[in-house]
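The values are calculated or read from the model by the stated rules, or taken from the named source; none is laboratory data. What you are looking at is a predicted structure, and each value in this text was computed from that prediction instead of being measured. Don't worry about glycine lacking a Cβ; one is built from the backbone with ideal geometry, like all the others, and counts go over all protein chains shown.
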Amino acid sequence: MLAVLTPVSYGAKHRERLQWKSFDASCGCDFEFSFPELTVSIRQQTPSSSTSFREDNLCMIVRRRDGRVMKQDFISSYGEGRLLLKGGYLFLEYGIGRGTGVREEHIKAYAPFADDATVDPLVEVFDFQKSYRVFSPSYAGTNLIEYKVKVIEDKESVRVILHGVKKGFGLPERKEILLKKLVNQGFQGIATGSR
C-alpha cells in the first residue's frame, strides 16, 4: 500500500533522544543488547565467499521474551553498526564499502514481532540508504552526503524520517516511511512514502 506523506508537527514529547546501541565486531567479540521486549546478539561468522572480509560477515540472533528465536545474516563493512528498537521494529544501521572514503551507511528495519516471524530469517520491512558518495566537479573527488535520522513513535505508528540533505546533489531532501506499530499487535501492514 502506497501513501503520500505530508509534514506533521510533533510536540516535545516526541523529540526524545534515540538510544542507538553501537557494535564493532571487528575484534571478533560477540555483542549482546537487552531491550525490554527482546535480546539481540551480534557475532562474526565465517565468510560466505572468499572475496569478503571476515569481520564484515555478521549474524544477528534475536530472542523474544516469548521464546521465539530468529536469525539474520548480514554484512557490514569493518564489522561496525548500530541497533535501535522502536515501536516493535528493530532498526539496523550498517555500512557497505571498504577503503578511504568509500563506506556508505544504510538503515534496515526488521519486524521481530510480525505474525509470520518464525525461526529464520527476520521479516525485513525496508532498507534505506542513509549516506551517498557524490562526485563534485568543484572538488577533486567525492563528497559524503549523509541524512540525519529521526524515528518518531506515537500511539499507532512509527515514522522514520531521513532529512537534512541540501538541494543540488540530485537526492531527495527528505525520505520518510510510516509504519504501523507492531508491539503486541502482530504484523498489521505497512504504508510507505517518500518526499
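Before moving on, here are some points about what is shown:
- Residue within the stretch 109-116 that is out of contact with any Gly (no Cβ under 7 Å at 6 or more places or on another chain), within 21 Å of Q44 (Cβ to Cβ) and not in a helix (DSSP H, G or I) present: yes
- Remark: L90 falls outside the filter, which requires a residue to be assigned to a strand (DSSP E or B), surrounded by 18 or more Cβ atoms within 10 Å (Cβ to Cβ) and in contact with a helix residue (DSSP H, G or I) (Cβ under 7 Å, 6 or more places away or on another chain).
- Set I145, I107: member being of a type in the set (V, I, T), more than 29 Å from K71 (Cβ to Cβ) and modelled with pLDDT of 80 or more: I145
- Looking across the stretch 74-87 at every residue that is touching a helix residue (DSSP H, G or I) at 6+ places or on another chain (Cβ under 6 Å) and not in a strand (DSSP E or B), the one that is surrounded by the most Cβ atoms within 10 Å (Cβ to Cβ) is identified as G79.
- Scanning the stretch 1-51 for residues being among the hydroxyl-bearing types (S, T, Y) and modelled with pLDDT under 90 gives a total of 9.
- Some residue of the stretch 157-171 being modelled with pLDDT under 90, within 17 Å of the chain's Cα centre (by Cα) and not in a loop (DSSP other than H, G, I, E, B): no
- In the stretch 37-73, the residues that are in contact (Cβ under 8 Å) with a residue 24 or more places away in the chain, surrounded by fewer than 17 Cβ atoms within 10 Å (Cβ to Cβ) and touching a helix residue (DSSP H, G or I) at 6+ places or on another chain (Cβ under 8 Å): F53
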